[in-house]
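Below: one structure, written as structure tokens.
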Amino acid sequence: MNFYKKLAQHHRKLSKLSHLNAICSWDQASMMPEGGNEARSEALAELAVMQHELATAPHLKEWFEKAEAEQLDNEQRVSLKEMKREWQMNTLLPAELVESQSLAGSKCEHAWRSQRHENDWHSFSKNLKEVVELSRHEAQIRAEATGLSRYDALLDIYEPGMTTKQLDRIFNDVKSWLPSLIRQVQEKQATEDVITPVGPFPIEQQKSLSLEVMSKLGFDFNHGRLDVSIHPFCGGVSTDVRITTRYDEADFTSALLGVIHETGHARYEQGLPAKWRGLPAGEARSMGIHESQSLFFEMQLSRSKAFLDILAPLASDAFSRRDDAALTSENLALFNTRVTPDYIRVDADEVTYPAHIILRYEIERDLVEGHIEVEDIPELWDKKMTEYLGLTTRCNHTDGCMQDIHWTDGSFGYFPSYTIGAMYAAQFMAAMRREMNIENLIHARNLSPIFNWLDRHIWKKASTVSTDQLLIEATGEKLNPEYFKQHLIDRYLK
């Protein structure tokens, strides 16, 4: 009996349930009427338990033992390794904990939508405490099984192999040069004349522009769509990718750049190899690699002067403003690279963004480890925001510690992926430039070689190699944060 084949069939069944979970979660965030939340939360919790029971079925232990003794080719060995890693992670958690986390996360996230708007930290913190306690319980279970610290055990879910020791070294280095860079860039930009595009920019026209840009970036609309939600995200599955954004009639660039960011996520999902579909080996390598793709599209590609030469006339046509000096590629290049410390992470510029991530990382690391409690978050947030960006969030929870959705469902260990992803993206672009002239390709409206490089070196690799090996094969070395630092210097000071 071929036990590898049985395991593959089992995992493809799990994948189909994950498909349903993803689409139901997307609907909950974008389309579902307010009154449906309680029933939907219960249904998703039931589905989570069903998935967990299948993923931890007792007979799987024997199947893995027998599959490892079978004659398998290299690809099957790789697949078996990833299936076993996922199984080992799943078997650590009891079903009742999974159900409790699902219910607590849905409750916290749903209430957050109105509590954030009302600046109601007191009510939000009650729900967050439950989420944190459950996350600490999960972290402890994983730590005992892996020998990692509690936070590292959660970090390993999103970025396998990464540790707080590495992150502390990387982020401490960033903190040593980032404040000075921010000051230098602001001094340089103080001498530049920039025109702020003035609205209103009608939502329907923004949507049309977004769809057109998505098309130019290669998004497959036969296997995906664009919608609206409170917090922009990319969800669904590789064959049915759901992008959401939020529009602001006063500023079309916010939604558009957000759509470009999510399109990077979507292209990665749509580019994953069909032959591995439904198996762990066919999934994205890590959240950092996933974020590298969205940041490659948004930061490395779309904010470049060459790409803005494409984008500017599209925007001028979309809003019927062909003579608007604010919508020239030259002005948009200046406008889209303004560096101004701000409260909101998702609206932060490329230079100050790492400070937002470091702040969140340091708080969630200490929260999971039990060094601080939920009650300490607002004061710590204000202290670090003042230190890193010169801003105070005292009593302003809406623009402070309540602005993100990630902690509401217990996604602790996720935030570092954003800045690690930015570093991966810069390293990928540097390697790509050694093979081709990026600016000439963009000016020629020929983006295919760029996407083909990503497809060959990242998308089609999926999880068949480790993150370090993926980087080595694509760029010739492991993660080197110097590429990110040099990218910022080249774009903002030269």
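What follows draws every value from the coordinates through simple rules; no lab data is involved. Computed from a predicted structure; not experimentally measured. FYI the Cβ positions are ideal-geometry reconstructions off the backbone, even for glycines, and counts take in every protein chain you see.
For the reader, a short list of remarks on this structure follows.
- Largest-first principal axis extents, alpha carbons of segment 367-447, Å: 54, 26, 21
- Span-rule helices in the chain, defined as complete DSSP H runs reaching 15 Å or more along the axis (Cα) with Kyte mean at least 0.0: 305-318, 416-433
- Residues D382, D468, sorted so that the one with the fewest Cβ neighbours within 10 Å comes first: D468, D382
- Counting only DSSP beta bridges whose two residues both lie in the chain, roughly 45 percent are antiparallel.
- Relative contact order (%) - the chain, alpha-carbon pairs under 8 angstrom, separation at least six: 19
- Peptides 431-438, 152-159, ordered by how many other C-beta atoms sit within 10 Å of their residues on average, highest first, read 152-159, 431-438.
- Cα gyration tensor shape of segment 152-494, rounded if a/c is under 1.5, else prolate or oblate by comparing a/b with b/c: rounded
- Highest average packing first - 65-74, 253-262, Cβ atoms within 10 Å: 253-262, 65-74
- Coil-residue GluC sites (Glu not before Pro) of segment 144-194, DSSP, other Cβ within 10 Å capped at 15: E192
- Neighbours of P378, meaning other residues whose beta-carbon lies under 13 angstrom from its beta-carbon, give a summed charge of -4 when Lys and Arg score +1 and Asp and Glu score -1.
- Take 335-346, 284-295 and order them by the average number of nearby Cβ atoms within 10 Å per residue, most first; the result is 284-295, 335-346.
- Ranked E269, E473, criterion: other C-beta atoms within 10 Å, fewest first: E473, E269
- For segment 44-111 and segment 250-324, distance of Cα centres in Å: 31
- Whole-Å distance, taken between Cα centres, linking segment 214-234 and segment 370-448: 21
- The equivalent ellipsoid of segment 112-230 has semi-axes of 37, 27, 21 Å, largest first, where each one is the square root of 5 times an eigenvalue of the Cα gyration tensor.
- Beta bridge orientation in segment 154-275: antiparallel %, DSSP, nearest 5: 45
- Across K175/K461; K16/K275; K126/K175; K61/K84; K175/K485; K275/K460, pairs whose alpha-carbon gap is larger than 21 Å: K175/K461; K126/K175
- Share of pairwise Cα separations in segment 3-151, more than 18 Å, in percent: 66
- Estimated [θ] at 222 nm from DSSP helical runs (n ≥ 4, -39500 (n - 2.57)) normalised by residues in the chain, nearest 500: -20500 deg cm²/dmol
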